[in-house]
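The values are calculated or read from the model by the stated rules, or taken from the named source; none is laboratory data. Just so it is clear, the model here is predicted, and its values are computed rather than measured. Cβ placement follows ideal geometry from the backbone for every residue including glycine, while neighbour counts extend to all protein chains displayed. These accessible areas exclude ligands, DNA and RNA; they are computed on the full protein's heavy atoms, side chains included. Shrake-Rupley method; radii C 1.70, N 1.55, O 1.52, S 1.80 Å.
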Amino acid sequence: MSAVMEDAFGLPGETGEEAIARVAIEEARAGRVPPASTRDQEDPAVRRAQEARLIATWATPPGWRYWSDVNNTTVGVWYTATAFAFMLFAGVLGLMIRVQLSVPDNDFLTATMYNQVYTLHGTVMMFLFAVPIFEAVAIILLPQMLGARDLPFPRLSAFGYWCFLIGGIFVCGSIFFGQAPDSGWFMYPPLTTQERFTPGYGADIWLLGLSFIEVASIAAAVELIVGTLKCRPPGMRLNLMPLYAWYVLVVAAMILFAFPPLIAGDILFEMERLFDWPFFDPTRGGDPMLWQHLFWIFGHPEVYIIFLPSIALLAMIIPTFARRPLLGYSWIVLAAVGTGFLSFGLWVHHMYTTGLPSISLGFFSAASEAVAIPTGVQIFVFLATLLTGRVLYSVPMLWVSGALAIFVLGGLTGVMVALVPFDWQAHDTYFIVAHLHYVIIGGVLFPILAGLYYYWPIVSSRRLSDRAGKIAFWLMFCGFNIGFFPMHYSGLIGMPRRIWTFPGGIGLELPNLISSVGAFVFAAGFLVVVVDVLRPRKDPYAGRNTWNAGTLEWAGEVPDQTWGVRSVPIVSTRYPLWDQPNFIDDMDKGRFYMPDAEEMKRETMVTTVLDAEPVQALRVPGPSFVPMAAAFFLGGCFIAATFHYWTLTLVSLAVAVGVIILWLWRATSVIPEKGEKDVGRGLSLPIYVSGPHSVSWWAMFITMLGDSTAFLSLVFGYLFYFTVHESFPPPGVEGPGLFWPLASLALFAATWALAQGARRAMAGGRVLTARLAMGLGIAGSLAAGAALLMGPHATGLQPTTHVYPAIVWLLAIWTALHAGVGALMLGYCLARSLAGRLTPEYDIDIANVALYWHFAGWTGLVTVSVLILVPLGAS
């Protein structure tokens, strides 16, 4: 009998299981747990002790400390519930729109309130539901699909959630104070950039509130990309990944490249509103068209960002109920990648009516038609799988069928509006409103509801009601088509979108009344779903793998355990539950990797990007209020800036930076008590890894890709102005000169070299040299930023007089800020080295900062080149 069993008696009031758990945890804390490879996994006592340690290690904090939890499953549930709450709020706003438009000359809403209602409806649906719900669902499902204990940055997920919640409440709450944005979710200037057109704080709330929410989106994208690439189980090569993971990878990458242009546009926009820098003012060289370009470079890929993850849910559901693997795995992966790629080449098809050259119209029209090809491939793969399988009819499949029917109709009207002559007729009419809703409801909401009914047993261990699901489906399917199909007709006979009311006698009364009735039927169906989800349940647990699916996420216990997976499996097929004998039994009995938590630390396995070979037993941080505090103070910075409370803005920013540094100092790059860990099956893995095998190196790399995209968007703005003006810089305006920009470039190059030198010196054991290089690097980066700002200052460029000095100043400030961040990072590394937390053996921090300086140096080079070469070329 094991030591656990022998010692598991004696305390009064303890059950046998409690005694076993207590002794197992005491053994771990005393360091008496033998290595995993030496234990007999067939011994039930050994397994119970392992399970006790895993449960204690991964336990959700009780009471008020529950809100400090960072476990991805918990955070994912919060994320999902919050996104649905925002969606319900936006749905009520949508019903208010339909009440207003149900009869001619209605005064249910004033014109001002109507403007706020429809702006907030679109904004919340797009930014607070459609994108976040993808990230929320992915955070719940991805670890289980990948057989991972957790994703690599659980606190980053929690930080993203709190940013999302705070930003969402800020934006939504504005309507209760009559300060909601009221210019449509496109926010086109100059309507929105000039106080005389849009007085109040509405536009600022939209810009700064959503900029803050975009922080959450990018944080989640980094977590999902690194998690998908580095946390797959051994054996799960890229070509064995679940299709959902492929879609997550594609969409997270799209977020990384699509959101930064909007952030860049927001910066230009807010600089004009706050400081009168004339980026969109034609009287001073600005151009409102730049906003449309930046917005739609984000806005069109966003349609696919919200569509592809929902299609991914179909790709997981259909094989289960067709009782066969999905046909054309490679084709659907290529189609997903192709759709994502093509989506970045379509933004101009939202701008056909802006007077673009004919060659541009022809090119973007062809590109818009071309995207139907990969989209069609995905739909045909689904149909072929169903036709060649033995389909089991169920509530999830009902939603799948509805999704395909509605989405195909929306796709067909999409092909129509991709044609320039048709778009000229239908632009900004209710035809576009109908098309948009057919695509989003069919391509997003119905698949999400299919996923809700399919995956609900993973979240709550019980199924939702079949009867309620069928009632909800038919109400929503019928209500949707009754509500939105007549809008095609309304649009084609001339009803413009965003109209507050309409006169009688022009043929719009009946279609609008039908649309309003349909909207309420649709809402009634969704209400049934809400009631079904929220009602108290006494019915028994669903069986394990209740749908008899083949993918990993269904291997979990019922009821679910917080440890993620009992042991990290070895995968050799796309459907291991169908194809690998005794797979679940092997997982349950800990015959795979990491069956225990010997040191009572949260750990997840890291593998290589291509072949998923084990490289690290990564320790991940546990519950903490620090992510919440960081989000709170960062949010305070954005909110205070909205109302021009500059002192409070700076204080909040300083506190947020301090909290983030505390977070990094205490919870990242922690030096372990030993170098390697036995993870079972005779395999030992390092606990601490730096460089390209490190997940934090990948996080830095991916974050800087997004950052570079934002920077290139600003450069795009500079070159846009250069191309639309006959002379840029304008006559009589001197640029930033040569001396200071070149001096800055030299300092950037020197600091880059010092950062690389510090990394190499530290790795080579020359600690004093590394510290000297870090110290010099701090001075060099600060000097580089200051020299760059001296250029426009020395030549007297005034950013409010013309767009040229404004864009020069903005590029200089952006680059100087990156130099400042680089100095802060080098200072952080120096402090870590002095504190003994950065050593030649444990050097993650300086390796990541050296990587950062590759990007910062490149940013300095591009900025100086643009500021110097473009004026020289023009002259």
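If the condition is being in contact with a helix residue (DSSP H, G or I) (Cβ under 8 Å, 6 or more places away or on another chain) and within 22 Å of residue 684 (Cβ to Cβ), then the range 8-31 contributes 27, 28. Checking residue 403 against (1) assigned to a helix (DSSP H, G or I); (2) more than 24 Å from the chain's Cα centre (by Cα); (3) under 30 Å from residue 532 (Cα atoms): exactly one of these is not met. Which one? Failing condition for residue 403: (2). Of the candidates 631, 654, 617, 641, the single residue that is surrounded by fewer than 20 Cβ atoms within 10 Å (Cβ to Cβ) and either assigned to a helix (DSSP H, G or I) or modelled with pLDDT of 95 or more (or both) is 654.
Each residue in the range 464-480 was checked for being open to solvent by 40 Å² or more (accessible area, probe 1.4 Å) and in contact (Cβ under 8 Å) with a residue 40 or more places away in the chain, and 7 pass. Among residues of the range 109-130 that are touching a residue at least 12 places away in the same chain (Cβ under 8 Å), those with a beta-carbon under 7 Å from a residue that is in a helix (DSSP H, G or I) and open to solvent by 40 Å² or more (accessible area, probe 1.4 Å) at least six positions away or on a different chain give the pairs 109/96; 117/96; 124/89.
Okay, residues lined up against (1) of a type in the set (A, V, I, L, M, F, W, C); (2) buried (at least 18 other Cβ atoms within 10 Å of the Cβ); (3) within 19 Å of residue 244 (Cβ to Cβ):
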| residue | (1), (2), (3) |
| --- | --- |
| 293 | no, yes, no |
| 307 | yes, yes, yes |
| 312 | yes, yes, yes |
| 333 | yes, yes, yes |
| 348 | yes, yes, no |
| 358 | no, no, no |
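The set of residues in the range 137-153 being part of a helix (DSSP H, G or I) and more than 21 Å from residue 573 (Cα to Cα) consists of 137, 138, 139, 140. Considered as a group, the residues in the range 335-346 that are open to solvent by less than 50 Å² (accessible area, probe 1.4 Å) and not aliphatic (A, V, I, L, M) include one that is modelled with the lowest pLDDT, and that residue is 345.
On the stretch given as the range 94-126, residues that are under 31 Å from the mean Cα position of the chain (by Cα), open to solvent by 10 Å² or more (accessible area, probe 1.4 Å) and aromatic (Phe, Trp, Tyr) total 1. Residues that are part of a loop (DSSP other than H, G, I, E, B) and over 21 Å from residue 140 (Cβ atoms) within the range 575-593 comprise 580, 581, 582, 589, 590, 591, 592, listed in sequence order.
Which of the following residues is part of a helix (DSSP H, G or I), open to solvent by less than 40 Å² (accessible area, probe 1.4 Å) and either closer than 21 Å to residue 712 by Cα or out of contact with any helix residue (DSSP H, G or I) (no Cβ under 7 Å at 6 or more places or on another chain) (or both): 804, 842?
Working: 842 fails: part of a helix (DSSP H, G or I).
The match here is 804.
Against the numbered list (1) within 25 Å of the chain's Cα centre (by Cα); (2) over 16 Å from residue 850 (Cα atoms); (3) surrounded by 18 or more Cβ atoms within 10 Å (Cβ to Cβ), residue 697 comes up short only at (2). Residues in the range 558-577 that are out of contact with any Pro (no Cβ under 8 Å at 6 or more places or on another chain), surrounded by fewer than 19 Cβ atoms within 10 Å (Cβ to Cβ) and under 27 Å from residue 456 (Cβ atoms): 6 in all. Within the range 502-553, being buried (at least 16 other Cβ atoms within 10 Å of the Cβ), of a type in the set (S, T, N, Q) and touching a residue at least 60 places away in the same chain (Cβ under 8 Å) holds for 512, 515, 516, 546, 551.
Of the candidates 391, 408, the single residue that is modelled with pLDDT under 95 and outside any helix (DSSP H, G or I) is 391. Scanning the range 404-447 for residues that are touching a residue at least 24 places away in the same chain (Cβ under 8 Å), among the aromatic types (Phe, Trp, Tyr) and either touching a His at 6+ places or on another chain (Cβ under 6 Å) or surrounded by fewer than 22 Cβ atoms within 10 Å (Cβ to Cβ) (or both) returns 424, 431. For the range 734-754, the tally of residues that are outside any helix (DSSP H, G or I) and either open to solvent by less than 50 Å² (accessible area, probe 1.4 Å) or among the charged types (D, E, K, R) (or both) stands at 4. Touching a residue at least 24 places away in the same chain (Cβ under 8 Å), surrounded by 21 or more Cβ atoms within 10 Å (Cβ to Cβ), over 24 Å from residue 149 (Cα atoms) and in contact with a helix residue (DSSP H, G or I) (Cβ under 8 Å, 6 or more places away or on another chain) - does that describe any residue in the range 233-249? Looking for residues that are touching a residue at least 24 places away in the same chain (Cβ under 8 Å), surrounded by 21 or more Cβ atoms within 10 Å (Cβ to Cβ), over 24 Å from residue 149 (Cα atoms) and in contact with a helix residue (DSSP H, G or I) (Cβ under 8 Å, 6 or more places away or on another chain), one finds none in the range 233-249, hence no.
How many residues does the range 340-361 hold that are touching a residue at least 40 places away in the same chain (Cβ under 8 Å) and either assigned to a helix (DSSP H, G or I) or over 25 Å from the mean Cα position of the chain (by Cα) (or both)? Show your work before the answer.
Pass one, the range 340-361, residues touching a residue at least 40 places away in the same chain (Cβ under 8 Å): 340, 343-344, 346-354, 361.
Next, only the ones that are either assigned to a helix (DSSP H, G or I) or over 25 Å from the mean Cα position of the chain (by Cα) (or both) stay: 340, 343, 347-354, 361.
Here the count works out to 11.
If the condition is being closer than 13 Å to residue 207 by Cβ and open to solvent by 10 Å² or more (accessible area, probe 1.4 Å), then the range 273-289 contributes 273, 274. Could you tell me which of the residues 727, 669 is small (Gly, Ala, Ser), outside any helix (DSSP H, G or I) and over 30 Å from the mean Cα position of the chain (by Cα)? Testing whether each residue is small (Gly, Ala, Ser), outside any helix (DSSP H, G or I) and over 30 Å from the mean Cα position of the chain (by Cα) leaves just 727. For the range 156-177, what are the residues that are closer than 16 Å to residue 695 by Cα and crowded, with 24+ Cβ neighbours inside 10 Å? The one that is closer than 16 Å to residue 695 by Cα and crowded, with 24+ Cβ neighbours inside 10 Å: 157.
Test residue 81 against the criterion of being open to solvent by 30 Å² or more (accessible area, probe 1.4 Å), assigned to a helix (DSSP H, G or I), small (Gly, Ala, Ser) and within 24 Å of residue 521 (Cβ to Cβ), and give yes or no. So that I can check it myself, show each step before the final result.
Values: open to solvent by 30 Å² or more (accessible area, probe 1.4 Å): yes; assigned to a helix (DSSP H, G or I): yes; small (Gly, Ala, Ser): yes; within 24 Å of residue 521 (Cβ to Cβ): no.
When the stated conditions are applied, residue 81 does not pass them.
Taken over the range 13-65, the criterion of being assigned to a helix (DSSP H, G or I), farther than 16 Å from residue 595 by Cβ, open to solvent by 40 Å² or more (accessible area, probe 1.4 Å) and out of contact with any Lys or Arg (no Cβ under 8 Å at 6 or more places or on another chain) is satisfied by 16, 18, 22, 26, 29, 63, 64, 65. Taking the conditions (1) at pLDDT 90 or above; (2) part of a helix (DSSP H, G or I); (3) touching a Phe, Trp or Tyr at 6+ places or on another chain (Cβ under 7 Å) in turn, residue 217 satisfies each one other than (1). Taking the criterion of being surrounded by fewer than 20 Cβ atoms within 10 Å (Cβ to Cβ), touching a residue at least 12 places away in the same chain (Cβ under 8 Å) and part of a helix (DSSP H, G or I), the residues of the range 757-768 that qualify are 757, 763, 767. Being closer than 30 Å to residue 614 by Cβ and in a helix (DSSP H, G or I) is true of residue 224.
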